Amino acid sequence: MEKFVINGGIPLNGEVTVSGAKNAALAIIPAAILCNDVCRIENIPVSISDVRYMISTLKYIGANVRFIDKSTIEIDSRNVNSYMITHDMTKHLRASYYFIGALLGRFGRARVAMPGGCYLGPRPIDQHIKGFEALGATISVEDNAIVEADSVKLFGAPVYLDIVSVGATVNIMLAAARAEGLTIIENAAKEPHIVDLANFLNSMGADIRGAGTDVIKIRGKENLHGCTYTIIPDQIEAGTFMVAAAATRGDVIIKNVIPKHLESISTKLVECGADIEEYDEAVRVSMTGRPGRCNIKTMPHPGFPTDMQPQMAVLLSLADGTSLISESIWSNRFKYTEQLLRMGAKITIDGQIAMIHGVEKLKGAPVKADDLRAGAAMIIAGLCAEGRTEIEDIMHIKRGYENVVEKFGNLGADIKMIYTIDPFDINCVG
Ligand code: EPZ
């Protein structure tokens with residue numbers, strides 16, 4: 001079993017470079033099959049496991065993928081020959097369902113097993129299905145396990161999303177890029193990775209306007225072509241380092257970022273007393289003294305991202321005063337607080353609201369990563385805490401963060417990965 005071991009209490013100092021955006025990459029990889037050509041994708045976080053699984057899925061349906069260097073791949077989609085993806089492929093991550101939209105766009109049909117992914121509460125796909133049906137596809141879901149999508153031809157259509165959904169917006173964009181006529185998605189998600197997907201598709205010859213607003217217009221094209229594209233920096237990885245810098249009372253320059261994407265995070269950190277300097281492609285975050293309290297409500301972009309909620313909860317656990325976090329996207333995103341309690345945090349949960357009474361210190365403890373961002377929060381807590389923290393289930397962290405030990409280690413953190421054998425593992429031989 002792999003674990004992270006952290007000896008905390010050291011302020012982070014120095015410079016760190018953020019990788020390409022995971023959630024943009026997860027949409028752009030399947031989008032590459034919409035052309036019968038080669039796409040070169042730069043600044044892609046190839047060592048995170050979610051990206052690896054998506055690349056494996058591409059290969060499974062016939063694409064050829066070449067690793068050019070540590071952040072560049074080439075996807076050759078000329079030999080993609082299957083519209084079927086099994087549970088073995090999809091069980092690892094949520095974004096595997098983007099292959100439904102991409103295969104519908106390419107072949108007019110798709111048979112894709114239901115996706116896995118972090119459990120953050122129920123994750124229905126009704127808005128995705130509503131979008132595909134509006135474009136003329138017939139959808140059936142067999143035993144809640146396999147989505148079968150079929151169409152003679154896709155036609156552009158208006159789609160109003162009843163709920164702002166990143167995944168449904170992506171999936172409808174993918175299918176509509178090659179549908180005949182105009183698709184208009186109303187109440188669309190506005191996250192930076194939606195804009196990045198639109199820019200990638202437009203580089204392939206698509207005609208997509210309005211991404212980044214809540215109305216996206218897609219005029220379908222009969223064919224798309226290959227392109228070279230550079231993925232945006234990861235907003236959430238950048239935010240995680242920003243919070244880690246402030247929570248450890250350090251001073252860190254975070255490079256390869258788009259400061260505009262970080263505004264909601266910067267605003268809250270400043271409210272808590274951090275100093276933030278913005279440069280063209282970097283931010284510097286420093287904090288002296290104990291953080292102040294603040295209240296947070298998670299919202300779709302440009303609101304405060306739910307994917308930064310657990311990390312901020314660690315900082316607020318150490319704040320002077322009582323803070324409230326209201327989670328409005330996911331119904332089960334406070335599970336990690338049980339781990340923080342083990343480290344001495346004082347948090348009470350009432351439905352979708354966490355009340356956090358700041359304490360002077362956290363203490364190291366054995367904890368686990370319940371999901372990806374919960375794992376990021378455990379790292380920050382371990383870095384701040386007195387003594388030794390061991391984090392189990394780090395496979396969740398590896399889904400979304402590259403080179404964790406190197407990146408935090410270069411900032412002065414005492415963090416290492418260890419391998420242990422669980423003596424209570426009944427499958428262990430010997
Ligand atoms: C994306 O998930 C991200 N994943 C998540 O990041 C992120 O937490 C989430 O958006 C919100 O920002 C990827 O981009 C791969 P949604 P997604 O559809 O697309 C409800 C991380 O840590 N809903 O915007 O699955 C849904 O239940 C991950 O990187 C429906 O009701 O999220 C939720 O309450 C975790 N019906 C809300 O909408 C639908 O058909 C938002 O979900 C679809 C969604």
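Quick note on the chain: its Rg to Rh ratio, both from C-alpha atoms and Rh being the Kirkwood radius, is 0.98. Taken about its Cα centre, the range 22-230 carries a charge dipole of about 320 debye when Lys and Arg each add +1 at the Cβ and Asp and Glu each add -1 at the Cβ. For the range 1-55, a crude dipole built from +1 on the beta carbon of Lys and Arg and -1 on the beta carbon of Asp and Glu, taken about the Cα centre, is about 100 debye to the nearest 20. Rolling a 1.4 Å probe over the protein heavy atoms gives the chain an accessible area of 40 Å² per residue. Carbon-plus-sulfur accessible fraction, the chain (probe radius 1.4 Å, protein heavy atoms only): 50%.
ALA145 sits among other residues whose Cβ lies under 14 Å from its own Cβ, and their net charge, with Lys and Arg +1 and Asp and Glu -1, is -2. For the chain, the 222 nm mean residue ellipticity estimated from helices alone, with every DSSP H stretch of n ≥ 4 adding -39500 (n - 2.57) and the total spread over all residues, rounds to -8500 deg cm²/dmol.
Net charge dipole, the chain: roughly 200 debye, given to the nearest 20, about the Cα centre with Cβ charges of +1 for Lys and Arg and -1 for Asp and Glu.
Test of understanding: express the Cα radius of gyration of the range 4-80 as a ratio to 2.2 N^0.38 Å, with N the residue count.
The range 4-80 yields a ratio of 1.38.
Partner lysines whose Cα lies under 20 Å from the Cα of LYS59, excluding those fewer than 8 positions away in the same chain, are identified as LYS22, LYS70, LYS91.
Placing unit charges on each Cβ (+1 for Lys and Arg, -1 for Asp and Glu) gives the chain a dipole about its Cα centre, and among LEU224, TYR401, LEU324 the Cα reaching farthest toward its positive end belongs to LEU224. Charge tally for ASP37 (other residues, Cβ to Cβ under 9 Å; Lys, Arg +1; Asp, Glu -1): 0.
Positive-end ranking of PRO302, ASN410, THR72 along the dipole of the chain, with charges on Cβ about the Cα centre, is headed by THR72.
The distance separating the Cα centre of the range 37-57 from that of the range 332-388 comes to 32 Å. Applying D = kT/(6 pi eta Rh) to the range 22-230, where Rh is the Kirkwood radius over alpha-carbon pairs, T corresponds to 37 °C and eta to 0.692 mPa s, the Stokes-Einstein value obtained is 200 µm²/s.
The values are calculated or read from the model by the stated rules, or taken from the named source; none is laboratory data. This one's a predicted model, so the numbers in the text were calculated from it and none came from an experiment. Neighbour counts run over all protein chains shown; Cβ positions are idealised from the backbone, glycine included. Each accessible area value is taken on the protein alone, full model and side chains, heavy atoms only, with ligands, DNA and RNA left out. Shrake-Rupley method; radii C 1.70, N 1.55, O 1.52, S 1.80 Å.
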